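Here the structure is laid out as C-alpha cells; the discussion comes afterwards.
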Amino acid sequence: MKKLIITLSAALFFSSMMFAQFRPTDKTGINVFDSKKAETEFTGVKTTFGGGFTQSYQMLNHSNARSADVATVTPNVLNATTTVNVSDYANQRFVAGVDQNVLIPLVSGFNLASANLMINTQLADGVALNMELYLASRHHNETWVKGGYIQFDKLPFLNLDLVDNIMKYTTIKVGQMEVNYGDAHFRRSDGGNSIYNPFIENYIMDEFATEVGAEANVNYNGIVGVLGMTSGKLNSNIVKGTPVAGATDGIHKPAFLGKLGYDKQFTEDLRVRLTGSIYYTAGSLGQTMFGGDRTGSHYFGVMDFAAPSSSAFASGRLNPGLSDKLTTVMGNLFVKFRGLEWFSTYENANGRAKDEITGERNANQLASDLVYRFGKDENFWVGVRYNTVTAKLPKTSAVAAVAPAAITLSQQVAHKGETTAVAALAPYNVGVDRLAISAGWFVTKNVMAKLEYTNQNYDYANAPQSILNGGNFKGFVLEAVVGF
C-alpha cells in the first residue's frame, strides 16, 4: 500500500511537469543556441520579467577619400537637376549645394543608452508565451514591441502518445519572432540585450529579422534540426504590390527556412557544433533579412554625412539590398575547449530588389572570432574577430530632386534595397573588412563590461561618388551591460 501511494504521488508530480524554458538573459545564456527543455513544476499561470541595458562610450575617428586628399578630390556638390546613382550614396542624405562626401566630425562621448524588456508567461503545462519590448534604442527612440510568440514544449491537449513522444525532442514556436536562420544571431547584440556578444558590434552584413511564422526545433542525441515558414517580411500587409516587368509580380510570397547540424559535448572540456542553414523567399516585396534591426548599430555616426539619427541606424554595416527575392545560406562552426572558443561563419546570399531587372546579385560574408575566457567561472575574456564582406550593389539611376528637400535613406538601394527608379544598370562590386579586438569582465553573472578596438576599411573604388570610397573608421568603444 505504501509503495502504491509513493508511485501515485510520483506520477501526479511528474504529470504536472512542464518543459518550457526560454534562453536566460544573463551570463548563463552565453553559447545557448537552441531552445532547451527543462523540467519545471507547473502550478498555475505565472509571469516573469527580464531586462537588458547597455550604455557605451565611443572614441572613434573616420576618414574617406575626400578627407584624405581634400586638395585634389573634386567636391561632390548636387543641385536640383543632378542625376545620381542612388546606391553610390550609402549613409547619406542628399542636400543641394553641399559637398556630399564630407564626413561629419566625431568626438568622444557617450552614446544613446538602450534598454529591452522581456516578459515570459507560463500559460499551461508545456505552453509558454514570450514577449520582448525595445524600451529605448537608436533606431526607434520610443518603446516598440520586438515580437511575441507561443512556445509549445508539450501538446497535452491532443492526448496522443505518438505526439507526446515526438515532443520529448521537439519545440514548436508560433508568432512574431526572431528568424532562426544560422547561428550567428545567437551571438549578436540586440539593443540593450548585449550580454551574449563578446564584441561591441554585430557582423558587417547583419542577418537579423523578426517575422510572423512558425518553426519546429528538434534536438535528438546531438542532432539539431529546424524547419519553419514565415511571412517573409517584418511588416506584413495584404495589399498587392505594383508589378515590374522583368522583376516582381507584386505578390507577397512566404519564406521557408531550414537548419541541420550536430552539437555534442564530447567530454567535459570539449564541445563541437556544426550547422548549415538556408532561408528562401521567391519574392516578399519587403524582405529585411539584412536590414531588419530595429535597435541599430553600436557604432554611432561613423562614415556618415549628417548627425546620427534614427534613420541612419546602420552605421558600419552593409545591406546588400536584396529586399524581394532572396536565397541565403550560412554555415557555422563552434568549438569550445575549456576556456577557448572558436566561432566561424560563411554566408552566401543571392537575390534582388523588387524593381531590379538585371537579374540576381550576390553577397558573401566570412567571419571568424577566437575568444578565450579565463579566471574564476570564466568571468574574464579576450577576443579577436575578423569579418569581411564582398557584394554586388545595384547601380540605380534616379533624379535627385534636392532643392531644398532631402532624399531619405529609405530611398537608397544600398540601405533599404528599394527605390522608385527601375534598376537598369549593371551592378558593381564593393568590399568591406573589419578587425575587432575585445576584452571583458563579468563583474557578476548579470553585470558585464567590455572594451573593443575596431578598424574597418571600405573598398568602394567602383563607386567613386560614394562617401564610403576610401573609407575607414577605427578606435575604441567601452560598453557596460546589465542583463537579468
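The values are calculated or read from the model by the stated rules, or taken from the named source; none is laboratory data. Please read all numbers here as calculations on a predicted model, not as lab measurements. Neighbour counts run over all protein chains shown; Cβ positions are idealised from the backbone, glycine included.
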TODO: Could you grab me the full set of residues in the range 243-262 that are surrounded by fewer than 15 Cβ atoms within 10 Å (Cβ to Cβ) and under 27 Å from the mean Cα position of the chain (by Cα)?
DONE: GLY250, ILE251, TYR262
Open item on the list: Would you confirm whether or not the range 63-85 contains a residue that is modelled with pLDDT of 90 or more, surrounded by fewer than 17 Cβ atoms within 10 Å (Cβ to Cβ) and more than 29 Å from LYS395 (Cβ to Cβ)?
Closed with: no
Open item on the list: If I ask for residues that are within 16 Å of ALA128 (Cβ to Cβ) and in a loop (DSSP other than H, G, I, E, B), which ones from the range 145-194 would you list?
Closed with: ASP153, LYS154, LEU155, MET167
- [ ] Determine which single condition LYS168 fails, assuming it passes every other condition in (1) modelled with pLDDT of 95 or more; (2) surrounded by fewer than 23 Cβ atoms within 10 Å (Cβ to Cβ).
- [x] (1)
Task: Condition check for THR345: under 22 Å from GLY383 (Cα atoms) and within 17 Å of the chain's Cα centre (by Cα) - done: yes
Open item on the list: Could you check the range 263-296 and list, in sequence order, the residues that are within 15 Å of the chain's Cα centre (by Cα) and among the aromatic types (Phe, Trp, Tyr)?
Closed with: TYR279, PHE290
Open item on the list: Among the residues in the range 117-124, are any touching a helix residue (DSSP H, G or I) at 6+ places or on another chain (Cβ under 9 Å) and modelled with pLDDT of 90 or more?
Closed with: yes
Open item on the list: Condition (residue is over 29 Å from VAL384 (Cα atoms) and modelled with pLDDT of 95 or more) applied to the range 326-348: is it met by at least one residue?
Closed with: yes
Open item on the list: I'd like to verify a number: residues in the range 220-251 that are outside any loop (DSSP other than H, G, I, E, B) and either modelled with pLDDT under 85 or polar (S, T, N, Q) (or both), how many?
Closed with: 1
- [ ] Name every residue in the range 339-349 that is buried (at least 22 other Cβ atoms within 10 Å of the Cβ), under 18 Å from PHE208 (Cα atoms) and out of contact with any helix residue (DSSP H, G or I) (no Cβ under 9 Å at 6 or more places or on another chain), in order of residue number.
- [x] ALA349
TODO: Quick one: count up the residues across the range 252-294 that are part of a strand (DSSP E or B) and basic (Lys, Arg).
DONE: 4
TODO: Could you figure out which of (1) assigned to a strand (DSSP E or B); (2) touching a Gly at 6+ places or on another chain (Cβ under 7 Å); (3) not aliphatic (A, V, I, L, M) isn't true of SER297?
DONE: (1)
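Results for (1) under 18 Å from the mean Cα position of the chain (by Cα); (2) buried (at least 22 other Cβ atoms within 10 Å of the Cβ), shown as yes or no for each residue.
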| residue | (1), (2) |
| --- | --- |
| THR327 | yes, no |
| PHE337 | no, no |
| GLY351 | no, yes |
| GLU360 | no, no |
| ALA363 | yes, yes |
Task: Residue, nearest to ASP324 (Cα to Cα), within the range 263-279, restricted to residues that are polar (S, T, N, Q) and surrounded by 14 or more Cβ atoms within 10 Å (Cβ to Cβ) - done: SER277
Task: Qualifying positions in the range 152-165 - touching a Gly at 6+ places or on another chain (Cβ under 9 Å) and either acidic (Asp, Glu) or at pLDDT 90 or above (or both) - done: PHE152, ASP153, LYS154, LEU155
Open item on the list: Take the residues in the range 165-215 that are out of contact with any strand residue (DSSP E or B) (no Cβ under 8 Å at 6 or more places or on another chain) and of a type outside the set (Asp, Glu); name whichever of them is nearest to LYS37 (Cα to Cα).
Closed with: LYS168
Task: Qualifying residues in the range 121-143 (those that are of a type in the set (A, V, I, L, M, F, W, C) and touching a residue at least 60 places away in the same chain (Cβ under 8 Å)) - the one surrounded by the most Cβ atoms within 10 Å (Cβ to Cβ) - done: ALA128
- [ ] Please go through the range 445-470 and pick out each residue that is modelled with pLDDT of 95 or more and in contact with a helix residue (DSSP H, G or I) (Cβ under 8 Å, 6 or more places away or on another chain).
- [x] LYS445, ASN446, MET448
Task: Residues of the range 454-484 satisfying the condition of being more than 18 Å from TYR196 (Cα to Cα), aromatic (Phe, Trp, Tyr) and either more than 22 Å from the chain's Cα centre (by Cα) or surrounded by fewer than 18 Cβ atoms within 10 Å (Cβ to Cβ) (or both) - done: TYR460, PHE476
Task: Index of the failed condition, ARG373 passing every other in (1) closer than 30 Å to LYS27 by Cβ; (2) at pLDDT below 95; (3) crowded, with 16+ Cβ neighbours inside 10 Å - done: (2)
- [ ] Test SER315 against the criterion of being in contact (Cβ under 8 Å) with a residue 60 or more places away in the chain, closer than 19 Å to ILE200 by Cα and hydroxyl-bearing (Ser, Thr, Tyr), and give yes or no.
- [x] yes
TODO: Scan the range 25-55 for residues that are assigned to a strand (DSSP E or B), polar (S, T, N, Q) and closer than 26 Å to ALA216 by Cβ and jot them down.
DONE: THR40, THR47, THR48
Open item on the list: Quick check on my filter: what residues within the range 114-144 are farther than 15 Å from ASP293 by Cβ and assigned to a loop (DSSP other than H, G, I, E, B)?
Closed with: ASP125, GLY126, GLU142, THR143
